[in-house]
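See below for the structure under consideration.
Please treat every number below as a calculation from the coordinates, not as lab data. Predicted model, so just to flag it, every value in this text is computed and none were measured. Here the Cβ is made from the backbone with ideal geometry for all residues, glycine too, and neighbour counts use every protein chain on show.
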Amino acid sequence: MNLDELKEKIKAAGVIGAGGAGFPTHMKLAPDIDTVVVNAAECEPLLYTDFTIMQQYMDKVAAGAEAVCQALGAGRVVIGMKEHTAAKLMLEDGAKVGRLSSVKLMPDVYPMGDEIVLIYQTLGRVVPPGQLPSSVGVVVINVETAYNVNNSVSGIPVTEKWITVGGDIPSPAVFRVPVNCNVKDVFKAAGITVPEGHVVLDGGPAMGNIINPDAAVVTKKTKSLLILPDNIPAVIAKLIPASRMIIRTPSACCQCFHCTEICPRYLLGYPLEPHKTLRAAGIEMTEHPEDLRTASLCSGCGVCTLMACCQGVSPSVIMAEVKKNLRAKKIGYRASESTVPNIERDNRLVPVDSFKKHIGVDKFDRAAPYKGKLKVKQSIYKLMLSQHAGKPSVPVVKAGDGVSPGQMVARADSGISAALHTPVGGRVSAVTGSHIEITVSEVG
Ligand code: SF4
Ligand code: SF4
């Protein structure tokens, strides 16, 4: 299949990055790529989603990545995977899992799934600051994305999501659930009650967001639903409002530099120094332009907040605020050359075992077995038109229309956008600016 044909199939199936920002996958495929890297790092603690997909369908993951590889005319697929994951899957460094695909083992450190870190760890290439992976001949796709690409080749759209349901619950598990099903109905079907004094995260303990389980839905980007106590460091850091942190920072930050010393992107030689950005934040952009501009290089991994700061400052929160302001002003940092990693890098990587203890989730890390498709019973689905990067999907159905499972209900808009399919059959009961509501014909 040539590149245009594959892009069309991926676009028609509504495939987006299944973890992270949810960038539409067909938009990622550009010429001059020599290597497809599959992100199998499963970076955050407590998550077993990608591990389970590989355990069940490694052949489909490799086939999806190889379809991309062949369409791009790239020579190889490198699957970047942690050593312990590979051991459980009985794979070793260089193991062939497809005609073009081999495994590259990586240490169990956080955040190995940051694609800039992943590319360096798997290929030894440093993406120039502010540039895309394509600048070093690489495209990165997540395990579940590769699985979805393989489905798209057979005309199967994205209507299911693989998720880990875990944290402080008796039996963590991995399930397949319908896209945009209600979180509360997932918990009901799984027999889970959220205990008093706990929060629910969409995502991992470091980068996940606190959600309201009574109102939230599982999106195409959801990798996990974690139930965690609200008094552990990972959650406390999320509960402090950014506005309060911004006021506190100038008096609390002692400029010790620890946040910078441990920053994974600083360690790759990026000109990203959170202690300097914190010092400059709140000052006019013209006074320290570089210290603010380089905040656009921050991945939001949270290591600086969760592992470095002993003054109760949350550098990653401030970085996110500065980034937001930069984006609004269309300002960013971009270099043309690769940087040179810090010679201390290997000594400063954060082992996941210490990370888990430090953020208070070690006691909740139990293997989450695969329990198959969860029978979620709900009578109304709200299919979100914006659950990917870029422009919202454009509805192609109207109120009153009958729909069947897998039918496209919204197409991709021009530019960066993605299509949307209904996971259930029924009748369209409403089309709004934010969602398409489907009343299910047969619940359960
Ligand atoms: S680690 Fe904390 S106190 Fe030290 S420079 Fe960073 S934000 Fe400031
Ligand atoms: S969140 Fe902190 S540690 Fe992570 S990339 Fe940004 S500044 Fe660096």
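Points to keep in mind about this one:
- Separation of the PHE257 and ALA87 label points, Cα + 7 Å toward Cβ, nm: 3.7 nm
- Segment MET1-ASP214, length gained on full extension (0.36 nm per residue, minus Cα span): 72.3 nm
- Of all DSSP beta bridges in the chain, antiparallel share, percent nearest 5: 60 percent
- Highest to lowest packing among 136-144, 375-383, 190-198, scored as the average C-beta count within 10 Å: 136-144, 375-383, 190-198
- Over the chain, relative contact order from alpha-carbon pairs under 8 Å, at least 6 apart, %: 18 percent
- Here the scattering of the chain is modelled by Debye summation over its C-alpha atoms, one equal scatterer each and no solvent; at q = 0.13 Å⁻¹ the log10 of I(q)/I(0) is -1.26.
- Net charge over other residues, Cβ less than 9 angstrom from the Cβ of GLY203 (K, R count +1; D, E count -1): 0
- Reach of LYS323 by Cα under 17 Å, taken over lysines that are not fewer than 8 positions away in the same chain: LYS276
- Projected-area average for the range 3-153 over all orientations - Cα convex hull basis, square nanometres: 7.9 nm²
- Net lengthening on full extension, ASP362/ASP346 (0.36 nm per residue, minus Cα-Cα): 3.4 nm
- Environment charge of LYS323, counting only residues whose C-beta is closer than 12 Å and scoring Lys/Arg +1, Asp/Glu -1: +3
- Dipole magnitude for the range 259-374: computed about the Cα centre from +1 point charges on Lys and Arg Cβ and -1 point charges on Asp and Glu Cβ, it is near 700 debye.
- Helix-only [θ]222 nm of the chain, DSSP H runs n ≥ 4, -39500 (n - 2.57) each, per residue, nearest 500: -8500 deg cm²/dmol
- Cα gyration tensor shape of the range 320-444, rounded if a/c is under 1.5, else prolate or oblate by comparing a/b with b/c: oblate
- Isolated Cys residues of the chain, judged by Cβ distance under 4.7 Å to other cysteines: CYS43, CYS69, CYS181, CYS253, CYS254, CYS256, CYS263, CYS298, CYS301, CYS309, CYS310
- With the cut-off at under 14 Å, measuring from each backbone N in the range 416-437 to a point 7 Å along the Cα-to-Cβ line of LYS398 picks out 428-432.
- Across the range 75-206, the mean sequence separation of Cα contacts (distance under 8 Å, 6 or more residues apart), normalised by length, yields a relative contact order of 12 percent.
- Rh (Kirkwood; distinct C-alpha pairs) - the range 143-235, Å: 13.8 Å
- Cross-link pairs beyond the 26 Å C-alpha cut-off, checked among LYS221/LYS382; LYS371/LYS398; LYS7/LYS371; LYS96/LYS371; LYS9/LYS324: LYS371/LYS398; LYS7/LYS371; LYS96/LYS371; LYS9/LYS324
- Cross-link partners of LYS28 among aspartates and glutamates, defined as those whose alpha carbon lies under 14 angstrom from its own and excluding same-chain residues fewer than eight positions apart: ASP4, GLU8, GLU115.
- Relative contact order (%) - the range 242-348, alpha-carbon pairs under 8 angstrom, separation at least six: 34 percent
- Local electrostatic count at MET1 - Lys and Arg +1, Asp and Glu -1, tallied over other residues with Cβ under 13 Å: -2
- With the simple model of a label 7 Å out from the Cα in the direction of the Cβ, ARG125 to THR432 spans 4.4 nm.
- Cross-link reach is defined here as a Cα-Cα straight distance under 14 Å, omitting same-chain residues fewer than 8 places apart; for LYS329 the aspartates and glutamates meeting it are GLU284, GLU321.
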